[in-house]
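Q: For reference, the structure I am asking about is given below.
The values are calculated or read from the model by the stated rules, or taken from the named source; none is laboratory data. For clarity, every value in this text was computed on a predicted model and none was experimentally measured. Virtual Cβ from ideal backbone geometry, glycine too; neighbours counted across all protein chains shown. Calculation scope for accessible area: heavy atoms of the full protein, side chains included, ligands and nucleic acids excluded. Shrake-Rupley method; radii C 1.70, N 1.55, O 1.52, S 1.80 Å.
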Amino acid sequence: MKTNHPIILAISACLFASPVLLGQTYRDASAPVEDRVSDLISRMTLEEKVWQLNQAGFGNNRNINNIGEKLKHIPAEIGSLIYTDDDVTLRNAMQRKAVEDSRLGIPILFGYDVIHGFRTVYPISLAQACSWNPDLAREASRVAAREASGAGIDWTFSPMIDVARDPRWGRVAEGYGEDPYTNAIFAVGAVKGYQGDNLADEGTVAACLKHYIGYGASEGGRDYSCTDISDQAMWDTYMPPYQAGVKAGAATVMSSFNDINGIPATANRFLLTDVLKQRWNFDGFVVSDWNAVEQLVSQGIAADRAAAAAVALYAGVDMDMGSNAYGEHMVSLVESGIVSMDAIDASVARILALKFRLGLFEHPYTTEIPESQRVLLDSDRTTARRLAEESMVLLKNTDDVLPLRAGTTVALIGPMADNRGHLLGSWPGHGRDEDIVSVVDGLSQRIGNSKVLFSRGCDFEGTDTTLFAEALATAGKADVVVLCLGEKREWSGENASRASMELPGIQKKLLAALNRTGKPIVLVLTNGRPLILTDDEPYCSAIVEMWQPGIEGGNALAALLCGDVAPSGKLAMTFPRHVGQVPIYYNERPRARRDQGFYQDIPTEPLYPFAYGLSYTSFEYSDLGVEKQADGTFRATVRVTNTGSRDAAETVHWFISDPASSISRPARELKYFEKRMIPAGNSAVFVFDIDPVRDLAFVNSHGMPLFEAGAYIVSVNGQSVEINLAKQ
């Protein structure tokens, strides 16, 4: 948090005003950033420059008496620290060492993985995408930035915008699903939420686009594995979210772990320098992922750590996260002529520029404000609840078993029903169990303790069925069973690839046993990736995909089950019927034979496709049309009528198809979406203004746009209309 505290301002004035008078331009807040950077670099020794290129870990020490011991091991000149604590006193002590004990007083940049919330933990990113409400997700990022900044964090390693189509890869939880356009839109929202209008403003943090690039295509869904991506796919599938994030002003980019077509991302000069820094004019800096520089040795690109450091810096990695390969070897690499001083200066300049833009030289310390005034504010919990409500997807609802009718007695069963911590998902920030509303607490508060009969039923995994009898007895006393199953939070996220995409066997057995009671079952799923539910779906009257919803998950689910809100989430990632269908995604390219070549032993279609989601009402789409405008653009419109009896929000997804192109294109490409509340019995006209160059053009294998005459298909909710572009 940038501070305007009068005492600290006074100290800052004493520290910095005098050097400005002595001609130290880098101390002059009124000077252009470029001039300040140039002046500071001219004063730095090689060793001081190299320290700026390094990031280490720091924190997890809440004993005030041990701060001095902790600080001894961190050099005052280090460029950045991953600060894993939330103690402002410790953070400021380390910053004071940098500002007061180093020769030039260069402040440290404190980073942290604020992925989907700091203390007010929101739904995982994949869930947020299912809300189709980027404005609400942007607000969540803004809150996360304010909370993180108040704890001394300047920089978050978020958003993750890897297009991912293999649910076996655990990190699908961190991104926004299988579609490039969706990832791009949510990337822009996150960047603007974190960074605000001015990085120097109070309550902002620098964003980091990760993982550049192609990490979501890890072979077989195995983390840290190689990726084999064609040039065409790189440009039309994996690049768009990053290009959008750079255009939105993201301050930093993180290189990915994966080997890309024989050259790891962290050693890929073409991608990091030629494309990112030169072609896209990205003016921030690139940080490696954790130990990724050192891992170039494992990937067979460098013979040793020194060679890895040289290769990574040459490629365009400005800061080494974790491995200290830069710290140990960069000075000797420069002195031996292997690395040029110009290359060092260029990377240092990018890092220093961000520190100036963040206002760290003027306000290096974080004001210590009581937690009660800066985290878990009522308004922020409201945002968390709204986002959780809108992220949940109703997958099935036979005979309108949902919403629950007034007076219903519920048998709340399952290992997730009374669990708190697993609702947070991977990368839970500084979320605490005591902050979380469990499902049993949320539902009991909503309909009353006497109407909620709880039984755990079984553990998350294992073979112990001793609790089945109690669960069956509980179900017998109720009108409906709400069965809360799913995955532990550590079953998705980094280094959490899983070959099986089904619920654990003990949970499936509990579901089958409860089905034999004859009571309607509402299956509530808590997980960080799509699951295969082919065997489970027939046992359920209703299925709610709750995802990992954050601290307000219990309240949000209760509101949805009881009909206080109508479900409006739609899937941002396909749910397969069988693992043999993976990878499966909506925007595949057309097949040579449309009716042959499929698996003979499983169906072709997924269980639940991209953009699928039910409501408590029904919507009718009509009057789809398109008109050419005077400026050469097209306006597509469709009328959506809420034909049910409940107010509800609907998301309209607009797709483009190009039946005949010089480069084959996906059968459908999402180009626009809009979510709007429609009262029961009312209609709303949704509009898609089509810019032919932006929305109809394609890119070739070099990333150059192709704009061809001919027929294009605009489709929405199964209806379509044709646009014809004449040759210019």
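Q: For the stretch 40-98, which residues satisfy the criterion of being open to solvent by 50 Å² or more (accessible area, probe 1.4 Å), assigned to a loop (DSSP other than H, G, I, E, B) and modelled with pLDDT of 95 or more? Lay out the reasoning, then the answer.
A: Applying the first criterion (open to solvent by 50 Å² or more (accessible area, probe 1.4 Å)) to the stretch 40-98 yields 42-43, 45, 47, 51, 60, 62-66, 69-70, 72-73, 77, 96.
Those still in the list that are assigned to a loop (DSSP other than H, G, I, E, B) too: 45, 60, 62-63, 73, 77.
Hits for the stretch 40-98 are T45, E77.
Q: Among the numbered criteria (1) over 30 Å from T398 (Cβ atoms); (2) of a type in the set (S, T, N, Q); (3) buried (at least 20 other Cβ atoms within 10 Å of the Cβ), which one does N642 miss?
A: The one condition N642 does not meet is (1).
Q: With the requirement that a residue be touching a residue at least 24 places away in the same chain (Cβ under 8 Å) and among the β-branched types (V, I, T), what does the stretch 684-728 give you?
A: Answer for the stretch 684-728, where residues must be touching a residue at least 24 places away in the same chain (Cβ under 8 Å) and among the β-branched types (V, I, T): V685, V687, I690, V699, I713, V714, V716, V721, I723.
Q: Of the numbered conditions (1) more than 30 Å from G79 (Cβ to Cβ); (2) out of contact with any helix residue (DSSP H, G or I) (no Cβ under 9 Å at 6 or more places or on another chain); (3) open to solvent by less than 30 Å² (accessible area, probe 1.4 Å), D380 satisfies every one except a single condition; which is it?
A: So the condition that D380 fails would be (2).
Q: Also: So, in the stretch 281-305, exactly how many residues are assigned to a loop (DSSP other than H, G, I, E, B), of a type outside the set (V, I, T), in contact with a strand residue (DSSP E or B) (Cβ under 8 Å, 6 or more places away or on another chain) and open to solvent by less than 30 Å² (accessible area, probe 1.4 Å)?
A: Step one: filter the stretch 281-305 for residues assigned to a loop (DSSP other than H, G, I, E, B), giving 281-284, 288-293, 297-304.
If we keep only those that are of a type outside the set (V, I, T) as well, we get 281-284, 288-292, 298-300, 302-304.
If we keep only those that are in contact with a strand residue (DSSP E or B) (Cβ under 8 Å, 6 or more places away or on another chain) as well, we get 282, 284, 288-292, 299.
Still in the running and open to solvent by less than 30 Å² (accessible area, probe 1.4 Å): 282, 284, 288-289, 292.
Counting residues in the stretch 281-305 that are assigned to a loop (DSSP other than H, G, I, E, B), of a type outside the set (V, I, T), in contact with a strand residue (DSSP E or B) (Cβ under 8 Å, 6 or more places away or on another chain) and open to solvent by less than 30 Å² (accessible area, probe 1.4 Å) gives 5.
Q: Working only within the stretch 190-242, note down all residues that are assigned to a helix (DSSP H, G or I), within 30 Å of R374 (Cα to Cα) and either open to solvent by 30 Å² or more (accessible area, probe 1.4 Å) or out of contact with any helix residue (DSSP H, G or I) (no Cβ under 6 Å at 6 or more places or on another chain) (or both). Even if it seems obvious, please write down each step before you answer.
A: Filtering the stretch 190-242 for residues assigned to a helix (DSSP H, G or I) gives 190-195, 215-217, 219-221, 231-242.
Now drop any that are not within 30 Å of R374 (Cα to Cα), which leaves 190-195.
Those that are assigned to a helix (DSSP H, G or I), within 30 Å of R374 (Cα to Cα) and either open to solvent by 30 Å² or more (accessible area, probe 1.4 Å) or out of contact with any helix residue (DSSP H, G or I) (no Cβ under 6 Å at 6 or more places or on another chain) (or both): K192, Q195.
Q: State whether the residues of the stretch 452-466 include one that is without any contact (Cβ under 8 Å) to a residue 40 or more places away in the chain and farther than 30 Å from G170 by Cβ. Spell out how you get there, then give the answer.
A: Within the stretch 452-466, the subset without any contact (Cβ under 8 Å) to a residue 40 or more places away in the chain is 466.
From what is left, the residues that are farther than 30 Å from G170 by Cβ are 466.
Scanning the stretch 452-466, I find at least one residue that is without any contact (Cβ under 8 Å) to a residue 40 or more places away in the chain and farther than 30 Å from G170 by Cβ, so the answer is yes.
Q: Which residue pairs have Cβ atoms under 8 Å apart, sit 6 or more places apart or on different chains, and have a first residue in the stretch 596-609 that is within 14 Å of P583 (Cα to Cα) and a second that is among the acidic types (D, E)?
A: L607/E537
Q: Sticking with this structure for a sec: Scanning for something open to solvent by 20 Å² or more (accessible area, probe 1.4 Å), hydroxyl-bearing (S, T, Y) and in contact with a strand residue (DSSP E or B) (Cβ under 7 Å, 6 or more places away or on another chain), does the stretch 684-702 turn up at least one residue?
A: No, the stretch 684-702 has no match at all.
Q: May I pose another question? As an exercise: evaluate L352 against (1) under 26 Å from the mean Cα position of the chain (by Cα); (2) surrounded by 24 or more Cβ atoms within 10 Å (Cβ to Cβ) and give the number of the one condition it does not meet.
A: Condition not satisfied by L352: (1).
Matching residues to (1) within 30 Å of D536 (Cα to Cα); (2) modelled with pLDDT of 95 or more:
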{"site": "F598", "(1), (2)": "yes, no"}
{"site": "F619", "(1), (2)": "yes, yes"}
{"site": "R635", "(1), (2)": "no, yes"}
{"site": "A648", "(1), (2)": "yes, yes"}
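Q: Name every residue in the stretch 99-120 that is in a loop (DSSP other than H, G, I, E, B) and under 20 Å from A190 (Cβ atoms), in order of residue number. Write out each step before concluding.
A: First, the residues of the stretch 99-120 that are in a loop (DSSP other than H, G, I, E, B): 102-108, 113-120.
Within the stretch 99-120, D113, V114, I115, H116, G117, F118, R119, T120 meet the criteria.
Q: Being within 28 Å of the chain's Cα centre (by Cα) and in a helix (DSSP H, G or I) is the filter; apply it to the stretch 490-544 and report the residue that is surrounded by the most Cβ atoms within 10 Å (Cβ to Cβ).
A: W491
Q: If Y616 meets every condition in (1) open to solvent by 20 Å² or more (accessible area, probe 1.4 Å); (2) over 22 Å from L523 (Cβ atoms) apart from one, which number is that one?
A: The one condition Y616 does not meet is (2).
Q: State which residue pairs qualify: first residue within 18 Å of T84 (Cα to Cα) and inside the stretch 319-331, second residue surrounded by 20 or more Cβ atoms within 10 Å (Cβ to Cβ) and of a type in the set (D, E, K, R) in any location, beta carbons under 6 Å apart, and separation of 6 or more residues or different chains.
A: Close Cβ pairs satisfying both conditions: S323/E294.
Q: Among G429, G462, which is part of a loop (DSSP other than H, G, I, E, B), within 34 Å of the chain's Cα centre (by Cα) and over 29 Å from A151 (Cα atoms)? It would help to see each step written out before you state the result.
A: On the way: G429 fails: over 29 Å from A151 (Cα atoms).
Unique residue meeting the criteria: G462.
Q: Another one. Is at least one residue of the stretch 193-208 under 22 Å from E669 (Cα atoms) and touching a residue at least 60 places away in the same chain (Cβ under 8 Å)? Steps first, answer last, please.
A: Filtering the stretch 193-208 for residues under 22 Å from E669 (Cα atoms) gives none.
Checked the stretch 193-208: no residue is under 22 Å from E669 (Cα atoms) and touching a residue at least 60 places away in the same chain (Cβ under 8 Å).
Q: So, K509, is that one more than 30 Å from F257 (Cβ to Cβ), charged (D, E, K, R) and touching a strand residue (DSSP E or B) at 6+ places or on another chain (Cβ under 8 Å) or not? If you could, list the steps in order and put the result at the bottom.
A: On the way: more than 30 Å from F257 (Cβ to Cβ): yes; charged (D, E, K, R): yes; touching a strand residue (DSSP E or B) at 6+ places or on another chain (Cβ under 8 Å): no.
The answer is no for K509.
Q: Taking the conditions exactly as written (modelled with pLDDT of 95 or more and surrounded by fewer than 24 Cβ atoms within 10 Å (Cβ to Cβ)), does G111 satisfy them or not? Write out each step before concluding.
A: Details: modelled with pLDDT of 95 or more: yes; surrounded by fewer than 24 Cβ atoms within 10 Å (Cβ to Cβ): no.
It is false that G111 is modelled with pLDDT of 95 or more and surrounded by fewer than 24 Cβ atoms within 10 Å (Cβ to Cβ).
Q: Turning to a different aspect of this structure: Test Q278 against the stated conditions and say whether it is part of a helix (DSSP H, G or I) and out of contact with any helix residue (DSSP H, G or I) (no Cβ under 7 Å at 6 or more places or on another chain). Steps first, please.
A: Values: part of a helix (DSSP H, G or I): yes; out of contact with any helix residue (DSSP H, G or I) (no Cβ under 7 Å at 6 or more places or on another chain): yes.
For Q278, the condition - part of a helix (DSSP H, G or I) and out of contact with any helix residue (DSSP H, G or I) (no Cβ under 7 Å at 6 or more places or on another chain) - is met.
Q: Any residue in the stretch 95-116 that is among the basic types (K, R), in contact (Cβ under 8 Å) with a residue 60 or more places away in the chain and in contact with a helix residue (DSSP H, G or I) (Cβ under 6 Å, 6 or more places away or on another chain)?
A: Initial filter on the stretch 95-116 (among the basic types (K, R)): 96-97, 103.
Still in the list and also in contact (Cβ under 8 Å) with a residue 60 or more places away in the chain: 96.
From the residues that got through so far, the ones that are in contact with a helix residue (DSSP H, G or I) (Cβ under 6 Å, 6 or more places away or on another chain) too are none.
No, the stretch 95-116 has no match at all.
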